[in-house]
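In what follows, a single structure is set out as structure tokens and then discussed.
The values are calculated or read from the model by the stated rules, or taken from the named source; none is laboratory data. Nothing here was measured: the structure is a model prediction, and the numbers come from that model. Counting neighbours? That spans all protein chains shown, and the Cβs are built from the backbone with ideal geometry, glycine included.
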């Protein structure tokens with residue numbers, strides 16, 4: 001029974017808050033801010049993953065260069081361009 005009382009109190013509070021235009025507008029902007037932050041975090045995570053993959057491919061290319069493997073094969077194995085591999089050689 002107590003559980004239902006808590007739910008009813010939450011519903012009553014929600015109804016009270018929804019009746020106030022300023023509170024409703026504030027809640028709207030808080031939701032927008034939360035969504036923006038979630039988008040920023042997702043984009044940062046994706047960028048970090050891409051950077052990690054790129055760094056891994058560079059490390060692989062460095063090792064392959066040390067082993068004197070042909071640049072064409074390195075390009076195929078890592079997805080790096082010839083120019084990127086040439087930069088690693090320097």
Item to check | Filter pass, residue 85 being more than 33 Å from the chain's Cα centre (by Cα) and at negative phi | outcome: no
Item to check | Pairs, first modelled with pLDDT under 90 in the stretch 19-35, second in a helix (DSSP H, G or I) and surrounded by 10 or more Cβ atoms within 10 Å (Cβ to Cβ), C-beta under 8 Å, six or more apart | outcome: 23/17; 24/17; 24/18; 27/17
Checklist entry - Of the residues that make up the stretch 2-22, is at least one in contact with a helix residue (DSSP H, G or I) (Cβ under 7 Å, 6 or more places away or on another chain) and more than 21 Å from residue 86 (Cβ to Cβ)? => result yes
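Here are 53, 69, 74, 58: which of them is without any contact (Cβ under 8 Å) to a residue 60 or more places away in the chain, assigned to a loop (DSSP other than H, G, I, E, B) and surrounded by 10 or more Cβ atoms within 10 Å (Cβ to Cβ)?
Of 53, 69, 74, 58, the one residue that is without any contact (Cβ under 8 Å) to a residue 60 or more places away in the chain, assigned to a loop (DSSP other than H, G, I, E, B) and surrounded by 10 or more Cβ atoms within 10 Å (Cβ to Cβ) is 69.
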Item to check | Hey, residue 63 without any contact (Cβ under 8 Å) to a residue 60 or more places away in the chain, assigned to a helix (DSSP H, G or I) and loosely packed, with under 13 Cβ neighbours inside 10 Å or not | outcome: yes
